[in-house]
Amino acid sequence: MNAHINFDLPQALLAVITPAEFDDPAVRASRAADHRRIDDVLAARVGAEGTALEEVSRQTRRDRFFGPVNRAATRRFLTEARAKVWRNTLELDRARRVGADQYQAGMALLETLCTARLLDLTRPGEVLLRLARRGFGVVLPPSRVDTSG
């Protein structure tokens, strides 16, 4: 899920939102609102996914105790990650306007950040504590390239 949200989703957004649409404030705002509406859809699914998991996997007392905290945290982290995705999409849009090399450099950096985050989240230990400290998503640094022409 981490790779899909943090790496694939910005590319998908760029595939369907043209530079001209990013330039139009009304269209950009509408696209951003659509993006945020999906947060509500995903948040609504968190509980259902937990129930489905309980049906196929034995739940420990600890799992049951922390279930509500895990579900609340999952909702928060999904929303946070998707907000970061929107920021990264705007950065990648700026990069693609400069040219293929700048866009590829941005994508390479995004891949590096996503890989590091995934490795951090899959190492042994309390994942929720690492998420609480560093969040779920990744953030590309602001572009230092002048796109004014």
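General observations
- Neighbours by Cβ (under 9 Å, 6+ apart or cross-chain): first from segment 76-104, without any contact (Cβ under 8 Å) to a residue 24 or more places away in the chain; second assigned to a helix (DSSP H, G or I) and open to solvent by 40 Å² or more (accessible area, probe 1.4 Å): Y103/R96; Y103/R97
- Selected residue (only one of T89, T74, T60 is of a type in the set (S, T, N, Q), within 19 Å of L128 (Cβ to Cβ) and buried (at least 18 other Cβ atoms within 10 Å of the Cβ)): T74
- Near pairs, Cβ below 7 angstrom, 6+ apart or cross-chain, from segment 30-59 (touching a residue at least 12 places away in the same chain (Cβ under 8 Å)) to any residue that is of a type in the set (A, V, I, L, M): R31/I17; D39/L78; L42/L78; A43/L78
- Segment 30-47, subset under 21 Å from V127 (Cα atoms) and open to solvent by less than 50 Å² (accessible area, probe 1.4 Å), residue modelled with the lowest pLDDT: G47
- Enumerated helices (runs of 4 or more DSSP H) restricted to segment 44-149, each holding at least 2 residues that are more than 13 Å from the chain's Cα centre (by Cα) and among the small types (G, A, S): 61-98, 100-122
- Residues of segment 1-29 classified as open to solvent by 60 Å² or more (accessible area, probe 1.4 Å) and among the polar types (S, T, N, Q), total: 2
- Condition broken by L140, with the remaining ones in (1) within 23 Å of E21 (Cα to Cα); (2) open to solvent by 90 Å² or more (accessible area, probe 1.4 Å); (3) of a type in the set (A, V, I, L, M) satisfied: (2)
The values are calculated or read from the model by the stated rules, or taken from the named source; none is laboratory data. Since the structure is predicted, the reported quantities are computational estimates derived from the model, not experimental observations. Methodologically, a virtual Cβ is constructed for each residue, glycine included, from the backbone with ideal geometry; neighbour enumeration extends over all protein chains shown. We work out accessible area using only protein heavy atoms, side chains counted, and drop any ligands, DNA or RNA first. Shrake-Rupley method; radii C 1.70, N 1.55, O 1.52, S 1.80 Å.
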